[in-house]
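Chemist: This is the structure, below, for whatever I ask next.
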Amino acid sequence: MHFGKVPENEVSSIDFSLRPDPPGNAMVLPGQPVPHPRLYVGCATRGPKQWINKIYPKGTKEVYYLDEYVKHFNSIEFNATHYQIYGEEIIGRWAAKAEGRDFMFCPKVPQLISHYSGFDNVDEPTDSFLRGILAFGGHLGPIFLQLSEKHSPANQQKLFSYLRSLPTDLTFFLEVRHPDWLVDGPVKDHLFGTLREMKIGAVITDTSGRRDCAHMELTIPKAFIRYVGHAMGPTDPVRMSRWADRLKQWLDKGLEEIWFFMHTPDEIMAPEMVDYFAGRMEAVSGLHIPRPQFIQPAPESGSTQMSMF
């Protein structure tokens, strides 16, 4: 993900602290833990070729990446649907690869709708998109709608009308990027208040150059975090540990589900990042999820950096 990217020589000077919980979070978290919260941690891709002989067997063809991916992770931020609307047959074949596993696909709304329509005349493409992804069946996780960085609050009424048209028996999350949505004040309050009213989640994006997108607003008792790291560089263990601590606080207050997706340059180090974060979450919360199984030992950074905590 290039959104919020800064030069590597500036990363060490960024304040990656997570801001305090906004008051609105208390409206959606009941104040006590639920019996069986769910944790899903995954990547934004089925894998670059560099995962071969790291977690995928030597000689794995790209067409079989998803077959291998589901053996190592329990979810995927499914960006393929952002670029094309797929029918039930193709999506059914993808879903079949996860048969018998607690594995979830989190499809992204097509850019035809989210970026290029202005939310005019979108009934037909939305219906086609939803018909297709329903073929994921029991493997369908939250659906997320990412707005363009150019989509400002000036267009909020069409956006809110569109959100109100979506089926209420599916879980949707919204990601906003235009800075005007996230300035403390009435626009921001109205956005998150409206999402709470509609029971639509708010994506939290933790990226270096746009700290405002790590807004920490919960609008439903579920969290969807897009974490943009730096290939397990020095800042990543600290940042992920802070996230594990905050998520444990939310779990103690009644958070039901966590969706945490790793983004990192070229995605090469994403398995190591998932492995580290899953370990931290298990240490602080007791929640256990599948972790990548490395063909060769994980890089030395894993053990060295874990010793910091």
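The values are calculated or read from the model by the stated rules, or taken from the named source; none is laboratory data. Model, not experiment: these values are computed from the prediction. Quick reminder, even Gly has a Cβ in these numbers, built from the backbone with ideal geometry, and neighbours come from all protein chains shown.
Chemist: Give segment 193-207 a look and list any residue that's crowded, with 21+ Cβ neighbours inside 10 Å and either more than 16 Å from the chain's Cα centre (by Cα) or among the basic types (Lys, Arg) (or both), or say none.
Modeler: Passing the criteria: only 195.
Chemist: Turning to a different aspect of this structure: What residue, of 225, 220, 204, is of a type in the set (A, V, I, L, M, F, W, C), touching a residue at least 12 places away in the same chain (Cβ under 8 Å) and in contact with an Asp or Glu (Cβ under 7 Å, 6 or more places away or on another chain)?
Modeler: 225
Chemist: Could you pull out the residue among 256, 267 that is closer than 21 Å to residue 6 by Cα and touching a Pro at 6+ places or on another chain (Cβ under 7 Å)?
Modeler: 267
Chemist: Specify which of the listed residues (154, 80, 135, 95) is more than 20 Å from residue 257 (Cα to Cα), surrounded by fewer than 15 Cβ atoms within 10 Å (Cβ to Cβ), small (Gly, Ala, Ser) and out of contact with any strand residue (DSSP E or B) (no Cβ under 6 Å at 6 or more places or on another chain).
Modeler: Just one listed residue meets the conditions, 154.
Chemist: For segment 30-55, name all the residues that are over 20 Å from the mean Cα position of the chain (by Cα) and in contact (Cβ under 8 Å) with a residue 60 or more places away in the chain.
Modeler: Selection gives 30, 31, 32, 33, 34, 50, 51, 53, 54, 55.
Chemist: Continuing with the same structure: Within segment 221-309, which helices (runs of 4 or more DSSP H) (wholly inside it) include 2 or more residues that are under 22 Å from residue 8 (Cα atoms) and at pLDDT below 95?
Modeler: 301-306
Chemist: Looking at 145, 191, which is the one that is in contact with a Phe, Trp or Tyr (Cβ under 8 Å, 6 or more places away or on another chain) and either assigned to a helix (DSSP H, G or I) or more than 22 Å from residue 4 (Cα to Cα) (or both)?
Modeler: On inspection, the qualifying residue turns out to be 191.
Chemist: Being outside any helix (DSSP H, G or I) and closer than 23 Å to residue 138 by Cβ is the filter here, so list the residues in segment 48-75 that pass it.
Modeler: 70, 71, 72, 73, 74, 75
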